[in-house]
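In what follows, a single structure is set out as structure tokens and then discussed.
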């Protein structure tokens, strides 16, 4: 009898608990799970909005079309190049930013806020800013370089595959490094000061301190940052859309940009959804590898 | 403590509300839109005059591209004199045609009732019409169709049904500096010759600027070059573009860049970039759309008053000047909740009075034939007479169901050939193959 009563109480508690998280769960299902399920189901259909009466199931046709097209491998390569370059740039600059924030003695609030400004600007606006800056005739980049006599004639940044890629990577770096700085900065704050003091007493230099104490302590944070930025880089869109439009000659067209072209240009929701699904799977694989490789011992 | 509880209640309420509205939006089904498609609203234009305003009422949301001149708002004011009971909510979408399309598609694909009327690029009509997003206005337009110029009028139709009202037409034109050259070049050879001779005069740095940004600019400009040189795109149901006319056109563009007549950057420029270069006085000749005329003669332009305009020059193998036909229409959302007001509005915005205002204030090219003959218009814009020929010779882009799938293929292969990543033969052969495959899918 007594036992039964207590059981009843737990159930009551549980009901209260579940009803508390129900709204959040519902929200997650509606804005997270449902769209994913719909996208995956579209990817197995011939679904072109301009041909609304002919929507039908086609099995893996969309995937076969994609994987056997040269275009897919081209944009996959571009995405990989973009992801690696942007992450290297962003991690290095982000780390430097975090160290600066951490060692700021004066104007701490101002420094921390100022660093965050690029991150607060919408990506498409940053894209248009950089597209204007890198314009061969009207841009400030060429004007600056000409003023300091590094170049004689305007360089046409966006008509060369390599320099165009560099331009989009720079724009993305400028937008994303504050986020990385902030995360690493938060990690730095959690490392106890006395560990550094002990190292100092033991006679460890700055370099040794950095590699033996700072980095290992940041492993968890770095994993999260890398994970988020890999996802971000694989699904890069706004920067590409605003600066190069995938050009020149498709040199900066990325996976998601191509998916956008299928979806919003050709209105081919089948093919576009298949590509989106592939992007999701790629992100899952990358995340899995990161977690395996960088798994902390504890 | 109490405050916290109140706050959490409010937040919960807000959350629930978002959920509800989120679900509500997806309610519009395709069955609704099909029913709306057959709906035809009575045209009441004939019975309405300034002294006798209509009592038709309703609320119309009108979405347009950015209009810096404020002309659209003046046109709406005129409309309200005739229809005082219809409220027009004018919203502006920023960015170029692709940006506008993206924003519009989100509402249209979701079956929203707004926007009721919107400015629709001529290349979207077939796509949006085929998707069932546009109201069928065949009967309404048939009553007034003889008022319009034939070329632009044809862009309102898809599969013999009208889905839009003509707004303004557009065509690629050659702009030149009147203070440097007296007569514009009529052929490619003259263009090169004059550029070499006169570039540097009057502060110019370059001979000829145009737009080859990988996107619609590449398709429009390159098709123009090809057709100027006697080439074709879609002909008799097939794309057969791997020929000398196309190759010479590609070679011509590469030479313009190699010889410094055009900056290398043209391959990354959009119309606005080109216009800025011309406004700065850096270029002798410019290929641009009609909108550039007013803006290159505006106070902010360094070449104001020195700008002449002519049809684009003809290629070595070509016989006639050929500019790409562009322009915008007014389309009505198939799901509009105020069909009669929307039709009245679109019809007015497309009418003689509205177009005259648009020509005078924003320098657009009318689609209403009578506006070309209007004395007041001709006194203000004498150039309209000069370039009517260019407008009449304008060539449409391939009129297929999914033009943008075709255009994506053009862009990639033209760019690869121009940048030398593929030989002309390889690029054009592969392009033809993919174009025909894409076309077959659309049948």
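Every number in this text was worked out from the coordinates using simple rules, so none of it is lab data. Every value quoted in this text rests on a predicted model; they were computed, and no experiment measured them. Note that each Cβ is placed from the backbone with ideal geometry, even for glycine, and that neighbours are counted across all protein chains shown.
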### Query
For chain A, what does the alpha-carbon gyration tensor say about shape, rounded, prolate or oblate, given a ≥ b ≥ c as the root eigenvalues, a/c under 1.5 as rounded, and a/b over b/c as prolate?
oblate
### Projected label distance in nm at residue B:440 and residue B:138, using a 7 Å step from Cα toward the beta-carbon
3.1 nm
### Query
Counting each DSSP H run of 4 or more residues in chain A as -39500 (n - 2.57), what helix-only mean residue ellipticity at 222 nm follows after dividing by all residues, to the nearest 500 deg cm²/dmol?
-23000 deg cm²/dmol
### Message
Nearest 10 degrees is fine. How inclined is helix B:352-362 to the longest principal axis of chain B, computing both from alpha carbons?
### Response
60 degrees
### Query
What residue among B:255, B:221, B:333 has the largest mean-square fluctuation in a Gaussian network model of chain B, using Cα springs under 10 Å?
B:255
### Query
Hey, fewest Cβ within 10 Å first, where do A:157, B:289 land in order?
B:289, A:157
### In degrees, nearest ten, helix B:97-109 long axis to first principal axis of chain B (Cα)
30 degrees
### Query
Separation between the residue B:379 and residue B:258 pseudo-spin-labels, each 7 Å from Cα along Cα→Cβ, expressed in nm?
5.3 nm
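Sort largest first and round to whole Å: the equivalent ellipsoid semi-axes of segment B:246-343, each the square root of five times a Cα gyration tensor eigenvalue.
Square roots of five times the eigenvalues give 33, 21, 14 Å.
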### Query
Calculated FRET efficiency, residue A:223 and residue A:69, Cβ-Cβ r, R0 41 Å, to nearest 0.05?
0.75
## Note on the structure
Taking Cα atoms only, helix B:216-228 is inclined relative to the longest principal axis of chain B by an angle, in degrees rounded to 10, of 40 degrees
### Summary
Applying the gyration tensor rule to the Cα atoms of chain B (axes a ≥ b ≥ c; rounded if a/c under 1.5, else prolate if a/b exceeds b/c, else oblate), the class is prolate
### Task
Please arrange A:93, A:21 by counting, for each residue, the other beta carbons lying within 10 Å of its beta carbon, fewest first.
A:21, A:93
### Summary
Sorted largest first, the Cα spans of the protein assembly as shown on the principal axes come out in Å as 93, 71, 53
#### Entry: Gaussian network model of chain B, springs between alpha carbon atoms under 10 Å - residue of B:123, B:332, B:409 with greatest fluctuation
B:409
### Query
Working out 0.36 nm times the residue gap between residue A:112 and residue A:163, then minus their Cα-Cα distance, what length gain in nm do you get to one decimal?
15.2 nm
### Message
Could you give the length gained by full extension between residue A:132 and residue A:285, i.e. 0.36 nm per residue of separation minus their alpha carbon distance, to one decimal place?
### Response
51.5 nm
### Query
With chain A treated as a Gaussian network of Cα nodes joined by springs under 10 Å, which of A:204, A:120, A:167 yields the largest mean-square fluctuation?
A:204
### Summary
Per the 1/(1 + (r/R0)^6) rule, R0 = 41 Å and r from the Cβ atoms of residue B:392 and residue B:251, FRET efficiency to 0.05 is 0.90
### Cβ-based exposure ranking for A:56, B:198, in which fewest neighbours within 10 Å come first
A:56, B:198
### Task
Beyond 25 Å, what share of the Cα-Cα pairs of segment B:285-443 is found? Please give it as a whole percent.
53 percent
### Query
Could you work out the helix-only [θ] at 222 nm for chain B, with each DSSP H run of four or more residues adding -39,500 (n - 2.57) and the total divided by the number of residues, to the nearest 500 deg cm²/dmol?
-14000 deg cm²/dmol
### Query
Within segment B:151-187, what residues put their amide N at less than 20 Å from the label point 7 Å along the Cα-to-Cβ vector of residue B:399?
B:151-172
#### Entry: Förster radius 51 Å - calculated FRET efficiency between residue B:146 and residue A:121 (Cβ-Cβ, nearest 0.05)
0.45
## Note on the structure
Classified through the alpha carbon gyration tensor (a ≥ b ≥ c as square roots of its eigenvalues; rounded if a/c is under 1.5, else prolate when a/b is larger than b/c, else oblate), segment B:384-443 comes out oblate
